[in-house]
Each structure stands twice: as C-alpha cells, then as structure tokens.
Amino acid sequence: MIDVREAGLRETNRILQESDGTGRYLLTAPRGAHALAVGLTEPDEVVIDGPTGYYTAGMNDGAHVTVNGNVGVGVAENMMSGTVRVAGSASQSAGATAHGGLLVIEGDAGARCGISMKGVDIVVGGSIGHMSCFMGQAGRLVVLGDAGDALGDSLYEVHIYVRGRVESLGADCVEKEMRPEHHTELRELLDRAAVTGVSTEEFRRYGSARTLYTFDVDNASAY
C-alpha cells in the first residue's frame, strides 16, 4: 500500500515504474493528483482508491490500473497496452491518441472521448460528450448510453457502437449495417469489459463513409 499524500507523486510513480511486473499496489489518498501511475511498462496490478486528476495512467504499456473514483482530462492518454478501468466518470479526451489496450469507464465520459484513437478499445457504461472519436484512426468505441454532437467527425477506421441516442454525426461519419461479424466483435468487447445483461441487438454501428480520405475540392466545405 502506498499513501500518495505521504509518499508524494514523484516517489509513488518511481516505485510503480521500477516494479518487476509482479506487484499488486493499492494507492490511497490520491486527492485528485495529476499524472498518477503514468508510464508503467510491466503487468502490475494498480488500484487507486479515490479520484484523480489529469492524465491518470497515461502512456500505460502493460499495467492493469483501476481507479475507484472519477478521473480528470486525458485518462489513459497514449496507452499502448494493458487495461485501465474507471469505476466512476471521466472528463474530456479519455483515451486520447491511445494505440492499444482496453479502457473501461463505468460512468460517463466527457467531450472528445477517444479523440485520435489509434488502436485502443474503449467501453463506456454511460454517455459520452460532443466530438467524441474525432479523427479516430483505429480501434473500437462502445457506448452503452448516448453520444453527443458530431460523433466520429473526420473518422478513419474506428468501429463505433452506440446503444442510446446519437445527437448528431460528424463529417464523413455514417450509420452502417450491423452484420454477424460485428455482433461477434461487440460481444467480445462487452465480455472483456465485464458488461453483462446487454444484448448486441440493442446497438447501432457507425463508421467512416471514406469520402474525406483524399482531398476533393467538391468536399472542401466539409474539411
């Protein structure tokens, strides 16, 4: 157990970053600390007992981090592998630019969830804010609640699944058919995120219309 208030942020992160991958850590009294549990490269289990600030578990590459509380901007930013679970809600830009791994947010996520995501899987138990998945390049985003304005604006190849209402779709994002392989993919994601009691039939799928992949003067107003 590490008392973050007593050990300090720098020492806490040093202990975690120098672990050999067999550690099980409980971090207490985080008190909204920014950049906590960042840059971890071993498959340790880290539980943060309380709310945290900006960039929690950023640049994660293999660790399994759970936050028992809400998180600030940019949770799991630039994550490469591993898992990050938030047993609460997240502010904006959750999973920004993340290349891999699994991010689970049990509550709501703010604006720009999954912005420029590059391979990460994100499962949100509640709703997400506007401009989510903006310029999303690869990965999957699953939303059990509603989605705000301009979902998937300038999207590339991310698969988006939304169970609730979508306020509006961004440029080049369209609703697509849910084929059998997509039901299978979604079921696997829900199982990995430990989401139960939900049918894949309740979701709609969204993706890129692929009209903005190369510049066309006729589409100039959409850029």
For the stretch 53-66, Karplus-derived ³J(HN,Hα) couplings (6.51, -1.76, 1.60; θ = phi - 60°; whole Hz; x for glycine and proline) come out as x, 6, 6, 4, 6, x, 6, 5, 9, x, 6, 10, 10, 10
Rounded to whole Å², per residue accessible area for the chain with a 1.4 Å probe reads 44
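Given the peptides 48-61, 198-211, arrange them by the average over their residues of other C-beta atoms within 10 Å, most packed first.
Highest-to-lowest ranking by the protection proxy: 48-61, 198-211.
Leaving ligands, DNA and RNA out of it, report the carbon-plus-sulfur percent of the accessible area of the chain at a 1.4 Å probe.
Numbers: 4760 of 9750 Å².
On the chain, the fraction of accessible area on carbon and sulfur atoms equals 49 percent.
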For the stretch 1-145, with +1 on Lys and Arg beta carbons and -1 on Asp and Glu, the positive-most of Ile115, Ala29, Met1 along the dipole: Ile115
If you put +1 on each Lys and Arg Cβ and -1 on each Asp and Glu Cβ, how big is the dipole of the chain around its Cα centre, in Debye rounded to 20? 180
Helix 180-192 sits off the longest principal axis of the Cα atoms of the chain, rounded to the nearest 10 on a 0 to 90 degree scale, by 20
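The values are calculated or read from the model by the stated rules, or taken from the named source; none is laboratory data. Everything quoted here is computed from the prediction, not taken from an experiment. Note that each Cβ is placed from the backbone with ideal geometry, even for glycine, and that neighbours are counted across all protein chains shown. SASA here: full protein model, heavy atoms, side chains in, ligands and nucleic acids out. Shrake-Rupley method; radii C 1.70, N 1.55, O 1.52, S 1.80 Å.
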